[in-house]
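The values are calculated or read from the model by the stated rules, or taken from the named source; none is laboratory data. Small disclaimer: the values here were computed from a predicted structure and weren't measured. Don't worry about glycine lacking a Cβ; one is built from the backbone with ideal geometry, like all the others, and counts go over all protein chains shown.
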Amino acid sequence: MSQESVEVVEAMGDAWNAGDMDAFRELLAPDVIVRVPEGWPEPGPFVGREEVMRQWERNREAWDSDTFESISIAEAGDRVIARLIWRGVGRGPEAHLEFTAVYTVRKGKVLYQESFWDHAEALVAVGLLE
């Protein structure tokens, strides 16, 4: 694991917040797998870059504007663990979703992402907590 993997995850957030979905897409491996947290409206998993992008674009359409804020991003063995807040406004109540995502990055691309509502559960998943 290198600082490069952390930078890939940071670049994903930057691309999302800039509305640059082409740059966001390019940070995903062609065979990426995304697992969303339990209780997510569409349970997944989402397999492949195009399916993942369709899911994120559908989610993004729920609001007039949305942003990701990183609470923390750090290396966790061979993965990156990011504690995030996703805020959305417009078209109904304001959303404030806090969750933790665990990323596996290979060759500068996200190969796997699994998200958890409970930060401690994510820490267990990466072996940082028993």
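Values as computed for the structure displayed
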read-out	value
Any hit, the stretch 42-61, residues being loosely packed, with under 14 Cβ neighbours inside 10 Å and either within 23 Å of L129 (Cβ to Cβ) or among the hydroxyl-bearing types (S, T, Y) (or both)	no
Residue ID - farthest from R60 (Cα to Cα), chosen from residues in the stretch 15-24 that are surrounded by 14 or more Cβ atoms within 10 Å (Cβ to Cβ) and either touching a residue at least 24 places away in the same chain (Cβ under 8 Å) or not aliphatic (A, V, I, L, M) (or both)	F24
Residue tally, condition of a type outside the set (S, T, N, Q) and touching a residue at least 60 places away in the same chain (Cβ under 8 Å), over the stretch 108-130	8
Selection status of E38, of a type in the set (D, E, K, R), in contact (Cβ under 8 Å) with a residue 12 or more places away in the chain, assigned to a loop (DSSP other than H, G, I, E, B) and over 18 Å from I85 (Cβ atoms)	yes
P37 being closer than 23 Å to G127 by Cα and buried (at least 18 other Cβ atoms within 10 Å of the Cβ)	yes
Scan of the stretch 43-95 for residues that are in contact with a strand residue (DSSP E or B) (Cβ under 9 Å, 6 or more places away or on another chain) and of a type in the set (K, R), ordered by number	R49, R54, R60, R79, R83, R87
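Residue-wise test of (1) among the aliphatic types (A, V, I, L, M); (2) in contact with a Gly (Cβ under 7 Å, 6 or more places away or on another chain); (3) crowded, with 18+ Cβ neighbours inside 10 Å; (4) farther than 26 Å from A23 by Cβ.
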site	(1), (2), (3), (4)
S72	no, no, no, no
L84	yes, no, yes, no
P93	no, no, no, yes
A101	yes, no, yes, no
R106	no, no, no, no
V110	yes, no, yes, no
S115	no, no, yes, no
V124	yes, no, no, yes
E130	no, no, no, yes
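A quick yes/no check of all residues on (1) touching a Phe, Trp or Tyr at 6+ places or on another chain (Cβ under 7 Å); (2) more than 21 Å from G48 (Cα to Cα); (3) modelled with pLDDT of 90 or more:
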| site | (1), (2), (3) |
| --- | --- |
| S70 | no, yes, yes |
| G92 | no, yes, no |
| A95 | yes, yes, no |
| V105 | no, no, yes |
| V110 | yes, no, yes |
| Q113 | yes, no, yes |
| A120 | no, yes, yes |
| L129 | no, yes, no |
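The rows are residues; the columns are (1) out of contact with any Leu (no Cβ under 8 Å at 6 or more places or on another chain); (2) farther than 15 Å from Q113 by Cβ; (3) modelled with pLDDT under 95.
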| position | (1), (2), (3) |
| --- | --- |
| Q3 | yes, yes, yes |
| D31 | no, no, no |
| V34 | yes, no, no |
| G48 | yes, no, no |
